[in-house]
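What follows is a single structure, written as structure tokens, with notes after it.
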Amino acid sequence: MLKNYLKITFAVLLRRKFYTIVSLLGIVFTITVLLIASTILDHTVGEVPPEQYHERTLGIFRVSYQELNSDGEARTTISSSGSFHFLSELFEDLPGAEMATIVKNTGSYQTYINGQRVKYDVKFTDTEFWSFFNFTFLEGRAFTADEYESGASVVVINRDLRERLFGDEPGLNRDVEMDGVSYRVVGVIENVSSLRNIAYSEVWAPITSQVNFDRPDEITGNYKGLILAENRSSFPLIREEFVARIPRFEEPRNGRDVNITCFPETRFQYMARETFGNNYEEGDYSLLLWLMIFGIGLLFMLLPAINLVNLNISRIYERCDEIGIRKAFGAPSTTLVGQFITENIVFTFAGGLLSLIISYLSLLLLQSSDIIPYAEFHLNWRVFFYALLASFVFGLVSGVYPAWRMSKLHPVEALRGGVV
């Protein structure tokens, strides 16, 4: 039976080339966009090297600081990253945490090599940073605890910057100038995608090596922190203890009471809160963000599916004679429905496979364009499964209604070209 279904399917698709091409383009475009979007999202918030502890990581991405007037209303509001002093005290001996790290993004620096300007992004970190992430070292090592404590002017650079600065020569023990200070290269690592916001940089230096480094008694600053939980079940304990420590910093300032809002959250939770919440209240909006992503994907698939339903109904008009003859010879409605659904599923699976090829080539083009520095997109098995599942649902949805309409045709009406 299935063999006959497939034979008829290929014959029908080849006979009606216009409908086939139009329908195929709609399927390929839809699934290709979904594949590319899901791959970029997975590369942004999924578990991608060098993030080896993604599932157990909480971050401090935003600190909100408010000075209140006598009525308890916010008079001065600052929403920013935290200060080194603030985060380091809150991270100390945090129960349920295996380790914690603090990092600071400082933007771009530049130097001149043979008259050519070379720009590079710089991040200042502590020593725990190198245990938190699983970087691939091509040369040397990370800076040590002794170098960190002494504020030594040492750096780790990525492979791309080594090539831009030193060509084909090794980078180890060479000098890189930053802010008028010469830093010695102690390690070279593989490039890290710029989408991995915390891990990414082109130069990594000790926090203590900054020209104007100190530990001011401030709440906000340019630092972000990561907490590695012993396991995911420790998340509530870490959040509770972290929030319970904040009041020690809420002493009145400038004659006004102070309110500080800050809490550990996953990167996806942070993205969801930035989208649906605000910086001054705690709340988990992850479900809303997932529903929005799912809704957009569903809507994006629904529009071509409706178009495909209309095309399939038009194809039924053309096949009225065939339907009438088959029903006159005793073909049951279930056989006709099965045939039509098989046609759509085979067709959409073909579109899904073609979409995989186009998506792969598109991601290679995006990767080579350097629009997203150092990004390496991979269509992994999880994304491949979602593509095939989407193809199946797409074919099923667009085939069920026309198949049901077709099965209701009376043989005589079908032979007359009756309306379905």
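The values are calculated or read from the model by the stated rules, or taken from the named source; none is laboratory data. Just so you know, these numbers come straight off a predicted model, no measurement behind them. Cβ coordinates were reconstructed from backbone atoms using ideal geometry, including for glycine residues, and neighbour counts include every protein chain displayed. Areas reflect the complete protein model, heavy atoms only, side chains present, ligands, DNA and RNA absent. Shrake-Rupley method; radii C 1.70, N 1.55, O 1.52, S 1.80 Å.
Of all strands (runs of 3 or more DSSP E) completely enclosed by the stretch 62-148, which ones contain at least 2 residues that are polar (S, T, N, Q) and open to solvent by 20 Å² or more (accessible area, probe 1.4 Å)?
In the stretch 62-148, the matching strands (runs of 3 or more DSSP E) lie at 74-82, 97-113.
Just checking, which of Ile293, Ile238, Ile345, Ile306 is modelled with pLDDT of 70 or more, touching a Leu at 6+ places or on another chain (Cβ under 8 Å), assigned to a helix (DSSP H, G or I) and open to solvent by 50 Å² or more (accessible area, probe 1.4 Å)?
Step by step, each of Ile293, Ile238, Ile345, Ile306 is checked, and only Ile293 is modelled with pLDDT of 70 or more, touching a Leu at 6+ places or on another chain (Cβ under 8 Å), assigned to a helix (DSSP H, G or I) and open to solvent by 50 Å² or more (accessible area, probe 1.4 Å).
Considering only the stretch 219-274, state which residues are over 28 Å from Val48 (Cα atoms) and of a type in the set (Val, Ile, Thr).
Passing the criteria: Ile219, Thr220, Val243, Ile246, Val258, Ile260, Thr261.
Say whether the condition of being open to solvent by 60 Å² or more (accessible area, probe 1.4 Å) and within 20 Å of the chain's Cα centre (by Cα) is met by at least one residue in the stretch 201-218.
no
Would you call Ser359 at pLDDT 80 or above, open to solvent by less than 90 Å² (accessible area, probe 1.4 Å) and in a helix (DSSP H, G or I)? Write out each step before concluding.
Details: at pLDDT 80 or above: yes; open to solvent by less than 90 Å² (accessible area, probe 1.4 Å): yes; in a helix (DSSP H, G or I): yes.
In short, yes.
Looking only at the stretch 154-172, filter to residues that are closer than 27 Å to Glu51 by Cβ and in a loop (DSSP other than H, G, I, E, B); which one of those is least open to solvent (accessible area, probe 1.4 Å)?
The initial filter retains those residues of the stretch 154-172 that are closer than 27 Å to Glu51 by Cβ, namely 154-165, 171-172.
Next, from what is left, pick out any that are in a loop (DSSP other than H, G, I, E, B): 171-172.
Details: Gly171: 0, Leu172: 67 Å².
Among residues in the stretch 154-172 that are closer than 27 Å to Glu51 by Cβ and in a loop (DSSP other than H, G, I, E, B), the one least open to solvent (accessible area, probe 1.4 Å) is Gly171.
Has the stretch 173-181 got any residue that is surrounded by 15 or more Cβ atoms within 10 Å (Cβ to Cβ), of a type in the set (A, V, I, L, M, F, W, C) and assigned to a strand (DSSP E or B)?
Yes.
Can you tell me which of Glu281, Glu274, Glu251 is among the acidic types (Asp, Glu), open to solvent by 20 Å² or more (accessible area, probe 1.4 Å) and at pLDDT 80 or above?
When all the criteria are applied, what remains is Glu274.
Determine the pairs where a residue that is closer than 24 Å to Glu265 by Cα and at pLDDT 80 or above, located within the stretch 30-52, has a partner that is assigned to a loop (DSSP other than H, G, I, E, B) and basic (Lys, Arg) with Cβ atoms under 9 Å apart, the partner being 6 or more residues away or on another chain.
Within 9 Å, the pairs are Pro49/Arg196; Pro50/Arg196; Glu51/Arg196.
Would you mind telling me which numbered condition in (1) in contact with a helix residue (DSSP H, G or I) (Cβ under 6 Å, 6 or more places away or on another chain); (2) modelled with pLDDT under 95 Glu89 fails?
With (1) in contact with a helix residue (DSSP H, G or I) (Cβ under 6 Å, 6 or more places away or on another chain); (2) modelled with pLDDT under 95 applied to Glu89, the lone miss is (1).
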